[in-house]
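Worksheet: the structure to be examined is printed underneath.
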Amino acid sequence: MERSTLVNEWTCIRACLLFIALGSAVACSSESDRPSDDSRDDAGNAYPASRRENVADTYWGVQVPDPYRWLEDASSSEVQSWMSAQDGYARQRLAAIPNRDAWLDRLRPLFRTNADDAPIRRQERYFWNRRLADRNKAIVYWKDGRNGAEKVLFDPNAWSADGSAALGLWTPSPNGKFVAYQVHENNGDDGVMHMFDVENGRETGDVIPGTGYSGDAGWTPDNSGFYYTWMPPIGGEVTAPTRFGFAEIRFHRLGTDPTNDAIVHPATHDPETGLGADLSPDGRWLAAFIFHGASGASEVFIQDRTAAARVWTPITGPSDGQTLFPQGLVQNDGVYLRTNLDAPRFRIVKVDPLHPERANWKEVVPQDPEATIHTFAVLGGHLVVNSMRKATTELTVRRLDGTFVRNIALPDRGSSDILVGAADDDTAYFNFESFTTPEVQFETSIAQGTVREYSRNTAPFDASAYVTDQVTYPSKDGTPVTMFVAHRRDVTPNGHNPTILYGYGGFNQNMTPSFSRSMAAWMASGGVYALPNLRGGGEYGEPWHQAGMLLQKQNVFDDFIAAARWLIDNQWTNANQLAIRGGSNGGLLVGATMTQAPELFDAVICEVPLLDMLRYHRFGLGRLWIPEYGSVDDAQQFNALYAYSPYHRVERREYPALLMLSSDSDDRVDPLHARKFIAEMQWANTSNAPAWLRIERNAGHGGADSVQASLEQAADILQFVSAQFADPR
C-alpha cells in the first residue's frame with residue numbers, strides 16, 4: 001500500500017537523508033505536523049495530545065516515517081504523563097457508557113465461582129489450586145492422603161496490599177516434602193524462585209532471582225535439589241532483547257547459596273534461542289533443549305549424570321531441517337520425542353541415550369494423517385498422547401512400545417490438557433472444557449480405563465441451551481479453513497446477530513474449544529462467538545504453521561478476513577454488528593485486519609499487541625520471534641513485514657472503533673506497540689469512531705492476576721462492543 005499522504009509531509013527529511021544506512025533515523029524537528037487537538041472521538045471530545053515528530057528510517061532504499069518514536073521510551077516522564085492521560089480518558093469514557101453495570105451483573109456470577117483444579121500427587125501427598133468466589137487469586141492447598149485434612153500452602157491474596165505479587169509455576173519435590181515456586185511482581189514474566197518446607201510450614205531460605213522463564217523445577221529423585229534455567233538481570237551487555245542468549249541451565253542444592261549453583265549447560269549467547277532441561281525419574285539422564293525461536297527447531301542433547309566425564313551428546317540439531325520441540329520426555333530407558341521429521345503432523349520416537357544416532361531411533365507412535373500430535377506424557381507405565389482431530393482434543397492410551405490400548409472418553413467436542421500424574425502411578429487427572437462447558441476435572445486409571453468426575457467448576461451456565469457448529473470456509477487463495485461458531489440454540493442466521501470474531505494464527509498455537517466467562521455472558525445475551533483455525537497455528541501440523549509465518553504471514557490475515565466475510569455472507573451478522581478481538585500475536589492479527597479491511601467491522605478489541613513490525617525485535621522478547629516473523633535485516637523479509645505492519649499501514653481514512661488494552665508491566669511484548677498505534681489511529685481516523693487506550697496497572701502480558709481486574713476488563717470490552725453496535729454512526 002502506498003502511503004503518499006504521509007510521504008508528502010516529509011520533504012524536510014528527504015533533504016537530510018543522504019546515504020543513510022539500514023535502520024538509521026533522523027528527526028528534523030520536534031514540532032507537530034498536525035495540531036493534536038484536531039483528533040477527536042465520536043462525542044467530539046479531543047484526545048489527550050500526542051505530538052507527531054518528523055522521524056524516519058530508511059530500509060533497503062525505502063523511507064519509512066515513524067512519527068511517534070518518542071512514545072517508545074516508557075522511562076520518560078513525558079511518556080508516563082501521556083499514558084496516564086490516555087488511560088484516564090479511556091476509563092472516563094468507558095465509565096460513561098450506560099450498560100456497564102448490566103454487563104458487570106451478567107459477568108459477576110461467572111467470574112466469582114468456586115472451583116478446584118486437578119491435583120498433583122507426590123507419593124501420598126496431594127497439591128491443588130482452589131479458586132474461591134470471594135478471593136481475587138487462586139490459593140494452593142495440600143493434604144496428606146486422599147481423605148486428609150486440607151491445609152493452605154500458598155495464599156497470594158496476602159502477599160501484597162495492592163495485589164501486585166503473583167504466584168507463578170510451582171513444583172512439588174518427588175516425595176512432596178518441598179515445593180519450588182515462583183513469585184512474579186506485577187504478574188510479569190520475570191520472577192524469583194522460592195523454596196517451601198511443606199511439613200514444617202516455613203520457607204527454607206532458598207531464593208533464586210532470574211528464574212521467571214525456568215518452567216518447572218527439575219527435582220532430583222532424592223529431593224536434594226533441582227535443575228532450572230537462569231537468566232542474569234538486565235544491565236550492561238544484557239538487554240531485554242538479548243537476555244535469552246545469556247540463559248544457563250544450573251543446579252541448585254537445597255540449603256546452599258544459589259550464587260554458587262553449578263552451571264550445567266552454558267549460555268548460547270544467541271538471543272534468538274531459549275534453553276530448557278528435563279531429567280529422567282531415576283536422575284541419570286539429563287536432556288537439554290536449545291530451541292530456536294518461540295516455535296522453531298530445537299537442538300536436543302543428552303548427558304549421563306552418573307558418568308565421570310559429563311559431556312553433552314547431541315541427538316539432533318537445527319541443520320537437520322526438521323522441527324523438534326522441547327517436549328522430550330526423559331525416562332530411565334530412553335528419551336521420547338515428538339518430531340515432525342518425515343511426519344508433518346508429528347510422530348513420537350524413542351531414542352536410546354547410549355546410542356542416540358538417527359539410525360537407531362525407534363518410532364513408537366506413527367503419524368496420523370487425520371490428527372496432529374500435540375503433546376504426550378508417560379503415566380502409569382503407558383504413553384498418553386494428546387492429539388487434535390479437526391481442532392478438538394483426542395486422548396489416547398498406548399503401551400510404551402506404541403501399541404494402541406484405548407481412547408479416553410471425553411464428554412463432548414472440546415479441549416483437554418495432557419494428563420497430570422507420574423510415570424509409575426496408575427492414577428492420573430485431566431481437565432476438560434468446551435465453549436459451553438466450564439472446566440471439569442476427571443480422575444482416571446491408566447490400567448483399567450475407568451474415568452470419574454473429580455471436581456467441577458460451579459459457573460452458572462446451562463450448556464444444553466447452547467450449540468457449537470464447526471464450519472469450513474475458503475480463504476482468499478482457496479485454502480479451506482475450519483471455524484467454530486458458538487451461540488444460543490435460539491439464535492439463527494438472520495443477518496443481524498451481534499458477533500465477536502476471535503483469532504490468533506501464529507507460533508504453532510492451537511485455537512481449540514475452551515470456556516470463556518466473558519464469551520459465556522456474550523452468548524447468553526444473544527451474541528455469536530466465532531473462532532477460526534487460522535494458518536500459523538498448529539491445529540493441522542507443521543505445514544499449517546509454516547503457511548502462516550515469515551513470508552507467508554499475509555495468509556493469516558487473509559484467513560481472518562475470509563472468516564468475517566463468511567459470517568456476513570451466511571447471514572450470521574453484518575459489518576455493523578461484527579467485532580474482532582485478539583491478543584499478543586492475535587493483537588497483530590486484528591491490527592493488520594483493521595488496516596486492511598476496515599469496512600468489514602464496527603469494533604476492534606486489540607490486546608497487548610505487536611504492531612510495529614519493523615522494530616519489534618529491538619524490544620522485550622522480540623529477538624526470540626525472528627524465526628516466526630523475520631526481520632528488516634533481510635530484504636525479502638522487510639518487504640513482507642512492511643507490507644502488513646499495522647502501525648505503518650495506517651492512513652487518513654475511516655476506521656472502526658478501537659479499544660486498545662495494554663499492561664503497564666508487560667515484559668514480553670513491549671507496550672510501545674499499543675502506544676504508537678493508538679496515537680497514529682487517533683490522528684488518522686476520519687470516522688470519529690473512538691480509539692481508546694486502557695492500561696491495566698500491576699499487570700503483565702497475561703493481564704492482571706486478579707479476578708476483580710479481569711471482571712472489570714471483561715465488562716469494559718463487552719460494553720464497548722455493544723455500544724458500537726448500538727451506535728447508528
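The values are calculated or read from the model by the stated rules, or taken from the named source; none is laboratory data. All of these numbers come straight from a predicted model, not from anything done at the bench. So basically every Cβ, Gly included, is an ideal-geometry build from the backbone, and we count neighbours across all protein chains shown.
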Leading residue by the ranking (nearest to residue 513 (Cα to Cα)) among those in region 448-468 that are out of contact with any strand residue (DSSP E or B) (no Cβ under 7 Å at 6 or more places or on another chain) and surrounded by 13 or more Cβ atoms within 10 Å (Cβ to Cβ): 463
Taking the conditions exactly as written (in a strand (DSSP E or B), farther than 23 Å from residue 424 by Cβ and in contact with a Phe, Trp or Tyr (Cβ under 9 Å, 6 or more places away or on another chain)), does residue 180 satisfy them or not? no
Take region 471-495 and flag every residue that is β-branched (Val, Ile, Thr) and either surrounded by fewer than 11 Cβ atoms within 10 Å (Cβ to Cβ) or outside any strand (DSSP E or B) (or both). 479, 491, 492
Filter region 79-113 for residues that are under 27 Å from the mean Cα position of the chain (by Cα) and acidic (Asp, Glu) and give the result. 87
Selection from region 221-260 of residues assigned to a strand (DSSP E or B) and hydrophobic (A, V, I, L, M, F, W, C) yields 226, 230, 238, 249, 251
Could you name every one of the helices (runs of 4 or more DSSP H) located completely within region 510-589 that has at least 3 residues being within 18 Å of the chain's Cα centre (by Cα) and among the β-branched types (Val, Ile, Thr)? none
For residue 218, which of the numbered conditions (1) under 13 Å from residue 171 (Cβ atoms); (2) touching a helix residue (DSSP H, G or I) at 6+ places or on another chain (Cβ under 7 Å) fails to hold? (2)
Can you name the number of the only condition in (1) among the small types (Gly, Ala, Ser); (2) more than 21 Å from residue 350 (Cα to Cα); (3) touching an Asp or Glu at 6+ places or on another chain (Cβ under 7 Å); (4) surrounded by 20 or more Cβ atoms within 10 Å (Cβ to Cβ) that residue 428 fails? (3)
Identify all residues within region 431-447 that are of a type in the set (A, V, I, L, M, F, W, C) and surrounded by fewer than 20 Cβ atoms within 10 Å (Cβ to Cβ); write none if there are none. 447
Can you confirm whether region 654-671 contains a residue that is assigned to a helix (DSSP H, G or I), modelled with pLDDT of 95 or more and not small (Gly, Ala, Ser)? no
Do you know which residues across region 210-220 are outside any loop (DSSP other than H, G, I, E, B) and at pLDDT 95 or above? 219
What pairs can you find where one residue is in region 356-376 and touching a residue at least 40 places away in the same chain (Cβ under 8 Å), the other is surrounded by 20 or more Cβ atoms within 10 Å (Cβ to Cβ) and among the charged types (D, E, K, R), and their Cβ atoms are less than 8 Å apart, with a gap of 6+ or different chains? 372/345; 372/539; 375/338; 376/338
Looking at region 596-607, can you tell me whether even one residue there is part of a helix (DSSP H, G or I) and closer than 24 Å to residue 696 by Cβ? no
Can you work out which of the residues in region 513-558 that are among the hydroxyl-bearing types (Ser, Thr, Tyr) and out of contact with any His (no Cβ under 9 Å at 6 or more places or on another chain) is nearest to residue 291 (Cα to Cα)? 540
If I filter region 66-86 for residues that are surrounded by 16 or more Cβ atoms within 10 Å (Cβ to Cβ), of a type in the set (Asp, Glu), at pLDDT 95 or above and assigned to a loop (DSSP other than H, G, I, E, B), do I get at least one hit? yes
Within region 471-483, residues being touching a Ser or Thr at 6+ places or on another chain (Cβ under 6 Å) and either not assigned by TED's automatic domain parsing to the domain that holds residue 557 or not hydroxyl-bearing (Ser, Thr, Tyr) (or both) number 2
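Let's see how each residue does on (1) touching a residue at least 40 places away in the same chain (Cβ under 8 Å); (2) surrounded by fewer than 20 Cβ atoms within 10 Å (Cβ to Cβ):
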| site | (1), (2) |
| --- | --- |
| 189 | yes, yes |
| 195 | yes, no |
| 199 | no, yes |
| 203 | no, yes |
| 210 | no, no |
| 217 | yes, no |
| 222 | yes, yes |
| 225 | no, no |
Of everything in region 505-534, what is within 16 Å of residue 479 (Cα to Cα) and touching a residue at least 60 places away in the same chain (Cβ under 8 Å)? Give them in sequence order. 505, 533
